[in-house]
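The values are calculated or read from the model by the stated rules, or taken from the named source; none is laboratory data. Since the structure is predicted, the reported quantities are computational estimates derived from the model, not experimental observations. Virtual Cβ from ideal backbone geometry, glycine too; neighbours counted across all protein chains shown.
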Amino acid sequence: MPEFSLKNFALLAVFLAVAAALCVAYGYFIEPRRLVITNEEIRLKDWPQALDKYKIVAIGDIHAGSNGVDREKLRRIVAEANAQRPDLIVLLGDYVSEKSETELRMPIAEIADGLSGLAARDGVLAVLGNHDGATCPSCVKREFTRVGIERP
């Protein structure tokens with residue numbers, strides 16, 4: 001086993017600091033700009049034949065107003081979701097991004113307007129996430145209802 005010297009400790013500390021900085025940079029500069037579409041086919045025993053090929057688009061953790069998530073990104077999310085020609089769209093929460101305890105990075109009305117173009121044969125349903133519930137859940141519900149997004 002190599003001797004654990006001050007030099008080895010310093011090299012390890014520098015390596016860990018660089019690794020941490022790269023992770024933070026990825027999370028701040030790259031990840032928010034990505035839009036990942038994953039297609040999964042789920043096979044269930046005794047699934048009704050009438051629902052075979054039923055397509056659900058699930059969208060979560062938008063955090064509008066955060067780094068890389070502006071009006072244009074909301075429009076891109078809507079366009080990509082609609083391009084899948086879904087039977088149902090479900091929004092899984094965390095639409096908002098907080099600037100401070102009392103201020104959002106993007107107003108809820110603007111987020112709702114940005115998502116208003118979502119369209120699916122059986123509708124668009126939304127649930128609240130922890131960020132939405134910590135800010136103004138009634139505001140999210142009101143604005144989403146205004147643009148035709150339903151609550152289950």
Out of segment 44-68, which residues are under 18 Å from LEU128 (Cβ atoms) and either in a helix (DSSP H, G or I) or modelled with pLDDT of 90 or more (or both)?
ALA58, ILE59, GLY60, ASP61, ILE62, HIS63, ALA64, GLY65
Being at pLDDT 95 or above, part of a strand (DSSP E or B) and not hydroxyl-bearing (Ser, Thr, Tyr) narrows VAL90, VAL78 down to just VAL90
Looking at segment 97-152, which of the residues that are acidic (Asp, Glu) and free of Cβ contacts under 8 Å to residues at least 24 places away in the same chain is surrounded by the fewest Cβ atoms within 10 Å (Cβ to Cβ)?
GLU101
Of all residues in segment 94-134 being acidic (Asp, Glu) and not in a loop (DSSP other than H, G, I, E, B), which is nearest to GLU80 (Cα to Cα)?
ASP113
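Suppose we filter ALA17, ALA25, ALA10, ALA21 for residues that are over 30 Å from ARG85 (Cα atoms) and within 22 Å of the chain's Cα centre (by Cα); which single one remains?
ALA25
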